[in-house]
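These notes concern the structure reproduced below.
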Amino acid sequence: MSKRNNDYEVLAEMICDLTRNCTIKEEYFAASFNLSPTEVRLLKLFAFHNSFTIKELREKLKLTAGRITHILVSLEAKKLIVRIPDENDKRNIIVKLLPKASPLILNLNQNYHKLHEDILKNVQGDDMDKIFFSMQILVDVFKKWVEET
């Protein structure tokens, strides 16, 4: 086996290891808010926008319509969101936060940043720059791959 192939295997295993650890982190974080990791990802979108159509949520989260519906039903039961028919196009449903959710979103974001500070607290100067550089390359490579598939 060539060195290059071995490099790909080592990198693939590192990415899998990172993914597993990120999943553990996401589950831990979500449980602290009595939410699922997917509910957290959906709610975090509302830190930047007041509302989304269901189609926009599906596209942003890359989930099926059925999975989005399941998540929205759960968040409605927790009285965090409401689904409203679009006045301009009754085929569209707009998802909005209920007032109770706004402090939760702020708290989610603050605690999410704090968690990552804690995780990365022992990374020193140059290493942090290397992580940023490498992560940006990986994000770009994976985005390109997703777009091509």
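Using a cut-off of 18 Å between alpha-carbon atoms, which lysines can reach K44, once sequence neighbours fewer than 8 places away in the same chain are excluded? Straight-distance partners of K44: K25, K55, K60, K62, K78, K79, K96, K100, K114. Placing unit charges on the Cβ atoms of the charged side chains and taking the dipole of the chain about its Cα centre, the candidate lying farthest along the positive direction among H49, T69, V139 is T69.
Label positions at E87 and T53, each projected 7 Å from the Cα along the C-beta direction, are separated by 1.7 nm. Taking each DSSP H run with n ≥ 4 as -39500 (n - 2.57) and averaging over every residue of the chain yields -23000 deg cm²/dmol at 222 nm. Against the chain, whose longest principal axis is taken from its Cα atoms, helix 65-77 shows a tilt of about 60°. Across the range 116-133, coupling constants 3J(HN,Hα) worked out from phi with the 6.51/-1.76/1.60 Karplus curve, θ = phi - 60°, read 5, 4, 4, 5, 9, 4, 8, 7, 9, x, 4, 5, 5, 4, 5, 5, 4, 4 Hz, and Gly and Pro carry x.
Here R4, R58, R67 are placed in order of increasing Cβ neighbour count within 10 Å, fewest first, which gives R4, R67, R58.
When a/c reaches 1.5 or more, the comparison of a/b and b/c decides; with that in mind, is the range 54-149 rounded, prolate or oblate per its Cα gyration tensor? Oblate, because a/c is 1.5 or more while a/b does not exceed b/c. For the range 3-148, the antiparallel share of DSSP beta bridges with both residues in that region comes to about 100%. Put in line by how crowded their Cβ is, counting other Cβ atoms within 10 Å and starting with the fewest, S36, S51 read S51, S36.
Quick check for me: using +1 on Lys/Arg Cβ and -1 on Asp/Glu Cβ, what's the dipole size of the chain about its Cα centre, in debye to the nearest 20?
660
Applying both filters, DSSP loop and at most 12 other Cβ atoms within 10 Å, to the chymotrypsin sites (Phe, Trp or Tyr not before Pro) of the range 1-57 gives F48.
Tell me, R91, R83 in order of fewest to most beta-carbon neighbours within 10 Å? Intermediate values should be presented prior to the final figure.
Working: R91 8, R83 14.
So the ranking, lowest neighbour count to highest, is R91, R83.
Read-outs: derived from the displayed coordinates by stated rules, not from any lab. What you see is a predicted model, and the numbers here were worked out from it, not measured in a lab. FYI the Cβ positions are ideal-geometry reconstructions off the backbone, even for glycines, and counts take in every protein chain you see.
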